[in-house]
Amino acid sequence: MDFDSLLNDVGSFGSYQKFVICFVLLPATLPCAFHAYSQIFIAAKPEHYCKIPEFESPAMKDYRRDILKNLSIPYEIRDGIERYAECKMYNRNYSELAQWLVENLNETLINQKYSFDEVNLKNLEIINCKDGWVYDKSLYPATVISEWNLVCEMDYLPTLALVVFGISGLIGNYIFGYIQDYYGRRPSFYIYLIFEIISCAASASAWSFMSWLVFRFMVGLTVPAILASPYVLAIEMVGPKHRVFCTIVTNIAYSIGLTLLAGIVYLVRDWRMLSLAVSLPLLLLFSCIHVLPESPRWLIATHKYKRAAKEMRTIARFNGKTLPANYENILKERTVAYERMQNLQSTVERNYGICDLFATTNMTRKTTIITFIWFSITSVYVGLSYYAPSLGGDEIFNFFLAGACELPTYIFLWPSLNYFGRRWILCVSMIIGSASCLATFLVQYDQITTLIFYCIAKMGISSAFVVLPLMASELYPTVVRGLGMSFSQVVAMIGPSLIPIVNYMGSEMIVLPLIVMGILLLFGGFASFFLPETKNKSLPQTVHDSDSIPLVNPFNIFTIRHTTTTVASAKAPSTSVTATTTISSS
């Protein structure tokens, strides 16, 4: 049935919705923002060079580090700049050299020694580090990398950790989709929240890289799935004209979360303390457990009329509306009448699975396009966020800038989504992001210009990240909305699993990841042309409703023929269809 018409009974955007969205749902975005990107700093790579034990003795404490490095560490070219090598050292008798330095504690003699050695250094054998590394602790006192020496031959392990983190998010999204559609939006959020907080806090006590990796895998199961419940709940509680508000303010809160994370990192640099700092304060969200409502739209779609009527009465009371005493019966009668009118199989008689996302040709194409665009946007958004510390300069400021530059985007989007709609803004945002990423190839050695193009790309992809979930939630039907969005997110999470590898490959060519991301965005922008406009449209309740919304073909490349097929003729889940069966994974 059309739930949007029922919202008029209680107020489609009254005081209740505004209070819940602004004071309950928006703070609920912080766990996702904190835990998705804190790993960038927990596993930050500090400057380092080969450790020379002979130079670490108390007798050498009066020598400047640059003098000792000149005598022991060769230079190499990285990012077009000559720097001290991170994994190489000269093969020489350092015991003898250290003794000479102790006996001749005179800067003039040392400079003469270096000038004499400078000619001979070119003839010295260069070898790999033998006795570990010395880390620059001026920015980060301790990170996962410096604690377990994940550098040089082991420098792929931090990238592996990000890949594992992305894969765990993929798995978690798949599980979360069923939890959300089967148990509801409210309990699924708190299930994932407590699991996320405990796992991240526990990672602070990790005793080895492998134990830390296991805890990060557990955290990843909840990211970004934990953002889905508050977001879906928000758009399901308001009318069509106010979904833009929910989407915009949710993303504003998410971007503020990124800037807050930069502030936390600025204050807390030790990786163990940082893990606790981004976890334990989130326990305060459980103070809202009795305030956060369940989605009445979902309750009606799953035929839980008693609970739906209770939630609707709460909304009506706060919004100054009055409902009849038999409102539960009214909900049931209107739902049954609607299903009979549409000649639909009652949703109480069956469960829904992934097959329903591909039940008809139209639904298959729609799901495929949404999923591919989601893959493109997620890959680039996460990739750009991971890439921020590689821009040079202050890593924490770069990350702060990456989050802060998203905020002006929403000022433009707020009126534009209501005026221009979703489809064109999605396409233009992705093309702008693509062009900015590709343009960095022309200015790859100009750090300031590259940073400007990076910020423009971040604004473009942030805009697209606002529009796509809104469109997807307006195209997927209520009975499989959580599952549909989770399915698209699951496939999209393959991108964040691969993008750290692309960034790792870019260690030799700093703009290579931006070029790859630009090409991916270009294809995603083209695919967005085929999605229908959803501005001011009622949310589809059933698969039949969603199937009745055709795709568009503005370029006449091929003819998209829309075929309406009832749910009754769709592929059924593999399990038995009864009132008590569990949700099928088919």
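The values are calculated or read from the model by the stated rules, or taken from the named source; none is laboratory data. All values reported here derive from a predicted model rather than from experimental measurement. Methodologically, a virtual Cβ is constructed for each residue, glycine included, from the backbone with ideal geometry; neighbour enumeration extends over all protein chains shown. Calculation scope for accessible area: heavy atoms of the full protein, side chains included, ligands and nucleic acids excluded. Shrake-Rupley method; radii C 1.70, N 1.55, O 1.52, S 1.80 Å.
Within segment 164-176, the residues that satisfy the criterion of being modelled with pLDDT of 85 or more and open to solvent by 20 Å² or more (accessible area, probe 1.4 Å) are 164, 167. Just a yes or no: is a residue in segment 153-163 more than 30 Å from residue 69 (Cβ to Cβ) and either open to solvent by less than 50 Å² (accessible area, probe 1.4 Å) or touching a Leu at 6+ places or on another chain (Cβ under 7 Å) (or both)? Scanning segment 153-163, I find at least one residue that is more than 30 Å from residue 69 (Cβ to Cβ) and either open to solvent by less than 50 Å² (accessible area, probe 1.4 Å) or touching a Leu at 6+ places or on another chain (Cβ under 7 Å) (or both), so the answer is yes. Residues that are at pLDDT 80 or above, in a helix (DSSP H, G or I) and among the small types (Gly, Ala, Ser) do not occur anywhere in segment 58-65.
Within segment 373-397, no residue satisfies the criterion of being free of Cβ contacts under 8 Å to residues at least 12 places away in the same chain and in contact with a helix residue (DSSP H, G or I) (Cβ under 8 Å, 6 or more places away or on another chain). Scanning segment 26-57 for residues that are in contact with a helix residue (DSSP H, G or I) (Cβ under 9 Å, 6 or more places away or on another chain) and in a loop (DSSP other than H, G, I, E, B), we see that the one that is modelled with the lowest pLDDT is 57. As a summary of the residue check, residue 427 satisfies the conditions (1) buried (at least 17 other Cβ atoms within 10 Å of the Cβ); (2) touching a Ser or Thr at 6+ places or on another chain (Cβ under 7 Å); (3) closer than 18 Å to residue 382 by Cα except for the one numbered (3). Summed over segment 347-357, the residues that are farther than 27 Å from residue 314 by Cβ, modelled with pLDDT under 65 and surrounded by 13 or more Cβ atoms within 10 Å (Cβ to Cβ) give a count of 1.
Within segment 262-281, the residues that satisfy the criterion of being open to solvent by 10 Å² or more (accessible area, probe 1.4 Å) and either without any contact (Cβ under 8 Å) to a residue 40 or more places away in the chain or not basic (Lys, Arg) (or both) are 263, 264, 266, 267, 268, 270, 273, 276, 277, 280, 281. Filter segment 290-313 for residues that are more than 13 Å from residue 20 (Cβ to Cβ), open to solvent by less than 60 Å² (accessible area, probe 1.4 Å) and either small (Gly, Ala, Ser) or part of a loop (DSSP other than H, G, I, E, B) (or both) and give the result. Hits for segment 290-313 are 301, 302, 303, 308, 309.
Within segment 254-261, the presence of a residue that is farther than 14 Å from residue 37 by Cα, in a helix (DSSP H, G or I), open to solvent by 10 Å² or more (accessible area, probe 1.4 Å) and not acidic (Asp, Glu) is excluded. Once segment 202-221 is narrowed to residues that are among the small types (Gly, Ala, Ser) and out of contact with any helix residue (DSSP H, G or I) (no Cβ under 6 Å at 6 or more places or on another chain), the residue that is nearest to residue 29 (Cα to Cα) is 205.
Mind checking which residues of segment 451-476 are open to solvent by 10 Å² or more (accessible area, probe 1.4 Å) and over 30 Å from residue 548 (Cα atoms)? Once the filter is applied, which keeps residues that are open to solvent by 10 Å² or more (accessible area, probe 1.4 Å) and over 30 Å from residue 548 (Cα atoms), segment 451-476 yields 451, 452, 453, 455, 456, 459. Within segment 484-517, the residues that satisfy the criterion of being more than 26 Å from residue 227 (Cβ to Cβ) and part of a helix (DSSP H, G or I) are 504, 505, 512, 515. Taking segment 104-140 as the range and being in a loop (DSSP other than H, G, I, E, B), loosely packed, with under 12 Cβ neighbours inside 10 Å and either among the polar types (S, T, N, Q) or at pLDDT below 60 (or both) as the test, the residues that pass are 106, 123, 138.
Only one entry of 426, 498 meets the criterion of being more than 14 Å from the chain's Cα centre (by Cα) and in contact (Cβ under 8 Å) with a residue 24 or more places away in the chain, and that entry is 426. Among the criteria (1) part of a helix (DSSP H, G or I); (2) open to solvent by less than 50 Å² (accessible area, probe 1.4 Å); (3) at pLDDT below 85, the one residue 337 does not fulfil is (2).
Within segment 441-451, identify whether any single residue is within 22 Å of the chain's Cα centre (by Cα) and of a type outside the set (Phe, Trp, Tyr), and answer yes or no. Yes - at least one qualifying residue is present in segment 441-451.
The sole residue among 7, 101 that is open to solvent by less than 40 Å² (accessible area, probe 1.4 Å), part of a helix (DSSP H, G or I), more than 30 Å from residue 334 (Cα to Cα) and at pLDDT below 85 is 101. Of the residues making up segment 73-98, those that are open to solvent by less than 80 Å² (accessible area, probe 1.4 Å) and either assigned to a loop (DSSP other than H, G, I, E, B) or touching a helix residue (DSSP H, G or I) at 6+ places or on another chain (Cβ under 7 Å) (or both) number 16. Can you tell me which residue is most open to solvent (accessible area, probe 1.4 Å) among those in segment 415-424 that are out of contact with any Lys or Arg (no Cβ under 8 Å at 6 or more places or on another chain) and not small (Gly, Ala, Ser)? Step by step, filter segment 415-424, then rank; the result is 419. Among the criteria (1) modelled with pLDDT under 80; (2) open to solvent by less than 30 Å² (accessible area, probe 1.4 Å), the one residue 558 does not fulfil is (2). Scan segment 375-395 for residues that are open to solvent by less than 10 Å² (accessible area, probe 1.4 Å) and aliphatic (A, V, I, L, M) and the total you get is 4. Can you tell me which residue is nearest to residue 18 (Cα to Cα) among those in segment 314-333 that are open to solvent by 90 Å² or more (accessible area, probe 1.4 Å) and not in a loop (DSSP other than H, G, I, E, B)? The residue in question is 318.
Condition check for residue 546 on (1) in a helix (DSSP H, G or I); (2) at pLDDT below 75; (3) among the polar types (S, T, N, Q); (4) within 30 Å of residue 239 (Cα to Cα): one failure, at (2). Among the residues of segment 462-494, those that are under 30 Å from residue 408 (Cβ atoms) and among the β-branched types (Val, Ile, Thr) comprise 466, 467. As a summary of the residue check, residue 179 satisfies the conditions (1) within 19 Å of residue 274 (Cβ to Cβ); (2) hydrophobic (A, V, I, L, M, F, W, C); (3) without any contact (Cβ under 8 Å) to a residue 60 or more places away in the chain; (4) surrounded by 20 or more Cβ atoms within 10 Å (Cβ to Cβ) except for the one numbered (1).
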